[in-house]
Every structure is written in structure tokens, then in C-alpha cells.
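Notes follow once the structure below has been shown.
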Amino acid sequence: GEWREFAATRRRRRRQASDDDDDDAGRTADRGEHKTREARASGGSDSSGGGGTARDGGMASSTAAARRAAAVAAAAEQGLFGAGVMNAAASAEDKPMAIFFDADAWEENLGRARAAFGEHFVHACAVKTNPLSYFLRHAKELGHGAECASLGEVLHALSCGFEPRNIVYDSPCKTFAEIRMALQEGVHLNIDNLQELERVSAIVGSDDFELSEGAPIGIRVNPLVGAGTIAAFSVSTGKSKFGVPLPKEGTERNIVLDAVVACPWINCVHVHTGSGGMGLDQLVSGIR
């Protein structure tokens, strides 16, 4: 009951913030039109285009700030923070910490990814950064998959209603039991290293296991395209723990290719280029 009341209050405040922004936008537009008429009458030129762009960016920022302020105010009104948040003299232990999610911004970001890549792509949301069931279920409704780094995350995604084929199971260290369970459920399994490939091969080749036809099984490769602009977060160098290093040539490359060819049930490739400030050129070179 408290949550429903809080959500209703939040929605009212967001509508009010949106109305206020519309009013501000209308007043800004009126001022801009008046300024343009003055410039034309004096024979001058209107230079408000750049300023208009800046105001648009500021307006988007102010809308997000208004949403945050509305959420915090509604939570305080509902007493979700306790008494300490309203008492300046309260001790640090009585002042709670809270995490707020901007659901509108989150959904807009997902929409941009879908629009940029097209409908034939399935974008999987990382469960480790989107662990709440509400967001995972909503991501599924929007057509997204779930990317999991542990068996616990796989089970969580299944409980949220994701189709097994739309659950991508990545992890640099999977046990025999975890691999078997993922294969039995039909989860998209990405093999992270050659030692793990041996484990999958042993399970697939055992007499008590039958692999479903077309089961999504991939090999995760590190294309070694180098570090991004954030070196500490770059994971496509030779020191990365993610994926099988795949040089452009040489003995090591041949070992990887021969191992994959020997496993006809591998039908996918996961290219792990990393996310530490990787530019478009690096990302594309990893695919190539």
C-alpha cells in the first residue's frame, strides 16, 4: 500500500514537472519569436540558433533533474527515509542511503540501442547491472534478452520469464554442473576458454546427455584489438581474463580454429572487445 501511494505521488509530481517544462518551453519559444521579429525589423540577423540548441539540451537536463527531485520529495513525504532525513541534527546512522532509478531515462537508452541496430538484433541487458525484477521483466517486454555472468543470474532471468534462447550465459569460470544445467535448459551458452571447451565437449559426448538440435552454443574470443581510452577497464588485451585470445595469425590462432572446427555443435561467435572507452574503429576491427 505504501509503495502504491508513493508511486502515485511520484507520477503526479512527474506530470507537474513535465507541465512546468512545457510552460518554460512555450515562454522560451515566445521570447525567441519576438527576438527574431526584432532582428528582421532592424535588418540584422538572428543568431539564436546555437542558443536554441543549448536551451534544448538544458531543457532535457532540467527534465531529468525535475524527475529526480520529484522522486526524492515523494519518498520523503511518504516517510520512506525515516525521520533522520528531515532532521539536520540526526547522526549519520539515522540518515539512510537510497538508490533511485530513472525508469524513463533507462527505457529511452534501450530504445536508442534498438533504433540504432534494427529489429534483427537482440540486445541482452546485463543482469549484474539491472538485477531488479521490474526492470528485467520490462526489458523482456521491450524485446531484450538477458546477459548473465553466473548461474544465479541465469535462474533469476528464467524466473523473470525470459526465453532460454534469449538468455546469454557468459562467465570465465563455469563448473560441470552449471554447464550441464545451462545446456539442459537451452540457454545460450558462450564458452569462455579452451579448458571450458573441454568440459562442454565431455558433457555433450557423454552417454547420459542428449543435446537439443540447434542449441545456441558459442565460443567467446578476444580479438586483441588493444586497450581503449580507459585502460583500467579495457579487456581486449593479452592480459584479459575474458575469452580465448585470437591472434591474426600464428600457431595460437590455429590451435583455437582447430578446436572449434572439431566441435560441430558450436554455432555462434562472441567477440569480446571490452567496454573501456572503445572507439567505433576498435569495435569494428574486433568483428573483422
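The values are calculated or read from the model by the stated rules, or taken from the named source; none is laboratory data. These numbers come from a predicted model, not from an experiment. With ideal geometry, Cβ positions are generated from the backbone for all residues, glycine too; neighbour counts draw on all protein chains shown. We work out accessible area using only protein heavy atoms, side chains counted, and drop any ligands, DNA or RNA first. Shrake-Rupley method; radii C 1.70, N 1.55, O 1.52, S 1.80 Å.
Amide H contacts of VAL168 (H built 1.01 Å from N, in plane; Pro and chain starts excluded): ALA146, GLU147, CYS148 sit under 5 Å, all sequence-distant by 5 or more or on other chains. Residue by residue, the range 107-120 carries 3J(HN,Hα) couplings of 5, 5, 5, 5, x, 5, 5, 5, 5, 6, 9, x, 6, 6 Hz when phi is fed to the Karplus relation 6.51 cos²θ - 1.76 cosθ + 1.60 (θ = phi - 60°); x denotes Gly or Pro. Under a 5 Å amide H cut-off, with hydrogens placed 1.01 Å from N, ALA124 pairs with GLY145 among residues at least 5 apart or on other chains.
With each label modelled as a point 7 angstrom along the Cα→C-beta vector, the ARG114-ASP102 pair spans 2.0 nm.
The portion of the accessible surface of the range 110-190 made up by carbon and sulfur, rounded to a whole percent, is 58 (1.4 Å probe; DNA, RNA and ligands excluded). Ligands, DNA and RNA are left out, and with a 1.4 angstrom probe the accessible area of the range 94-234 is 54 Å² per residue. Between PHE121 and GLN78, the modelled labels are 3.5 nm apart [label points 7 Å from Cα along Cα→Cβ]. The modelled label-to-label distance for the pair GLU141/ASP207, using points 7 Å beyond Cα in the direction of Cβ, is 5.0 nm.
Rounded to the nearest whole Hz, the Karplus-based 3J(HN,Hα) values (6.51 cos²θ - 1.76 cosθ + 1.60, θ = phi - 60°) of the range 186-193 follow the sequence x, 6, 5, 9, 9, 7, 8, 7, with x at glycine and proline.
Taking amide hydrogens as placed 1.01 Å from N in the peptide plane, the amide H of LEU246 sits under 5 Å from those of ASN222, LEU224, each at least 5 positions away in sequence or on another chain.
When peptides 159-169, 97-107, 260-270, 174-184 are sorted by average Cβ neighbour count within 10 Å, with the highest value leading, the order is 159-169, 174-184, 260-270, 97-107.
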